[in-house]
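Peer 1: Pasting a structure below so you can have a look.
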Amino acid sequence: MDITIHNTFLPHDDPEASLAFYRDTLGFEVRNDVGYDGMRWITVGPAGQPDTSIVLHPPAADPGITDDERRTIAEMMAKGTYASVILATADLDGVFEKLQAGDAEVVQEPIEQPYGVRDCAFRDPAGNMVRIQQTR
């Protein structure tokens, strides 16, 4: 089989703040920006990787979600426990410095993990955990 990861989804509660983080701080390209009924879906991705994207979406846009579920999602996002993504870079220290200078919320400075990777962690403006691993 030839299967790749094409899109993954992360919720946002402030499209402009999320756009600034992924575009301006991480340097991702904006591939699509769609508004509908007061909501926005923003597709971003790393330059040179046109087939891999993150879709930043309104977290409770699905009509099948109940009001209780919407409240739970909002609470989990506020705690930073709702969604996450793991990115990778050859220059972990450089990326960390750029993110830290951009006022991203640092969760963990670069460290060698006991499970064999060196990584750091931030929260994006919506509270999503963004871990960045050093590539070998």
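The values are calculated or read from the model by the stated rules, or taken from the named source; none is laboratory data. Please read all numbers here as calculations on a predicted model, not as lab measurements. For neighbour counting, all protein chains shown are included, and Cβ atoms are generated from backbone atoms with ideal geometry for every residue, glycine included. Surface areas here come from the heavy atoms of the whole protein model, side chains and all, with no ligands, DNA or RNA. Shrake-Rupley method; radii C 1.70, N 1.55, O 1.52, S 1.80 Å.
Peer 1: Have a look at the DSSP beta bridges in the chain and tell me what percent are antiparallel, nearest 5.
Peer 2: Values: 20 of 31 bridges.
The answer is about 65 percent antiparallel.
Peer 1: If you take every residue apart from Thr89 with its C-beta less than 14 Å away from the C-beta of Thr89, what net charge results, scoring Lys and Arg +1 and Asp and Glu -1?
Peer 2: Numbers: positive: Lys98, Arg118, Arg131, Arg136; negative: Asp91, Asp93, Glu97, Asp119.
Spelling it out: positives minus negatives among the neighbours equals 0.
Peer 1: Could you pull the accessible area for Asp37 with a 1.4 Å probe, rounded to 10 Å²?
Peer 2: 120 Å²
Peer 1: Label-point separation (nm) for Glu16 and Thr81, each offset 7 Å from Cα along Cα-to-Cβ?
Peer 2: Going by the 7 Å Cα→Cβ label model, 3.2 nm.
Peer 1: Taking a probe of 1.4 Å, how large is the accessible area per residue of the chain, in Å²?
Peer 2: On the way: 8100 Å² over 136 residues.
That works out to 60 Å² for each residue.
Peer 1: A further question follows. Ordering Tyr36, Tyr22 by how much accessible area each has at a 1.4 Å probe, largest first, what is the list? Can you show the working numbers first?
Peer 2: On the way: Tyr36 150, Tyr22 0 Å².
Largest accessible area first, the residues go Tyr36, Tyr22.
Peer 1: So if I take the centroid of the Cα atoms in segment 15-69 and the same for segment 87-103, what is the distance between those two points in Å?
Peer 2: If we compute the Cα centre of each part, the gap is 21 Å.
Peer 1: Could you tell me the accessible area of Met76 in Å² (1.4 Å probe, neighbours in place), rounded to the nearest ten?
Peer 2: Approximately 70 Å² for this residue.
Peer 1: How much of the accessible area of the chain, in percent, comes from carbon and sulfur atoms when a 1.4 Å probe is used?
Peer 2: On the way: 4120 of 8100 Å².
That share works out to 51 percent.
Peer 1: Based on DSSP H runs of at least 4 residues, each adding -39500 (n - 2.57), what is the mean residue ellipticity at 222 nm of the chain after dividing by all its residues, to the nearest 500 deg cm²/dmol?
Peer 2: Values: 3 runs with 28 residues, N = 136.
The helix contribution divided over the chain gives -6000 deg cm²/dmol.
Peer 1: Counting only Cα, what are the radius of gyration and maximum Cα-Cα distance Dmax of the chain, in Å?
Peer 2: Both quantities, over Cα of the chain: 15.4, 46 Å.
Peer 1: While we're looking at this one, here's another question. Please compute the length gained on full extension between Met39 and Val106, using 0.36 nm multiplied by the number of residues separating them and subtracting their Cα-Cα distance.
Peer 2: Values: separation 67, 0.36 × 67 = 24.12 nm, distance 2.79 nm.
Gain on extension, Met39 to Val106, equals 21.3 nm.
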